[in-house]
Amino acid sequence: MELTDNFRQSEGSGIVRAAGEIVGGKTPSLDDRIGEDGFSFLAEDDDEKLQHLILDLYFNILPNQLGVDPFDTEDGIQILSPQRSGVVGTEELNREIQRRRWSGAEAAATGEKGLPLYLGDKVIHTKNNYKLEVMNGDIGTVSKLGGK
């Protein structure tokens with residue numbers, strides 16, 4: 001089976017263009033300008049500097065440039081990382097985003113791997129749950145805890 005359709009980005013987005021180039025065996029155009037087509041490539045070899053750059057883009061540069069709220073699940077900013085561990089992995093980036101966003105607040109619960117959860121946190125589902133009709137990649141916001 002081969003994935004042939006994209007349901008997460010608009011057809012003209014830079015992500016779709018770059019993905020098509022990769023599938024076609026080509027190196028995508030790597031433009032270091034932050035554009036509105038949804039795809040930019042910013043090179044940085046130092047993981048600490050890269051984390052700082054990612055968080056500056058998330059909290060400051062992109063919200064100012066694009067006029068979006070990074071925490072909005074519809075039009076906000078989503079960081080994609082190919083790894084869970086390390087300074088630029090999802091776990092550490094999430095911890096740092098929470099630390100900056102919820103400074104001084106008490107977590108409402110503890111999620112997987114001890115990651116605190118705060119009301120208002122963005123979340124992404126990572127496994128299909130057909131019973132609940134929640135699929136891998138679905139995003140949302142923590143609005144309440146517990147209950148079924």
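The values are calculated or read from the model by the stated rules, or taken from the named source; none is laboratory data. For clarity, every value in this text was computed on a predicted model and none was experimentally measured. Here the Cβ is made from the backbone with ideal geometry for all residues, glycine too, and neighbour counts use every protein chain on show. Areas reflect the complete protein model, heavy atoms only, side chains present, ligands, DNA and RNA absent. Shrake-Rupley method; radii C 1.70, N 1.55, O 1.52, S 1.80 Å.
Details
- Entry remark, segment 49-71: residues being more than 13 Å from the chain's Cα centre (by Cα) and part of a loop (DSSP other than H, G, I, E, B) number 3 in total.
- The lone exception for Gly120 - which of (1) in a strand (DSSP E or B); (2) open to solvent by less than 40 Å² (accessible area, probe 1.4 Å) it fails: (1)
- Screening segment 72-107 for residues that are assigned to a helix (DSSP H, G or I) and without any contact (Cβ under 8 Å) to a residue 40 or more places away in the chain and picking the one that is nearest to Ser40 (Cα to Cα) gives Thr90.
- Residue match in segment 71-78 (condition: over 22 Å from Ile139 (Cα atoms) and open to solvent by less than 70 Å² (accessible area, probe 1.4 Å)): no
- Restricting Val134, Val88 to those that are surrounded by fewer than 14 Cβ atoms within 10 Å (Cβ to Cβ) and either out of contact with any helix residue (DSSP H, G or I) (no Cβ under 7 Å at 6 or more places or on another chain) or on the phi < 0 side of the Ramachandran plot (or both) reduces the list to Val134.
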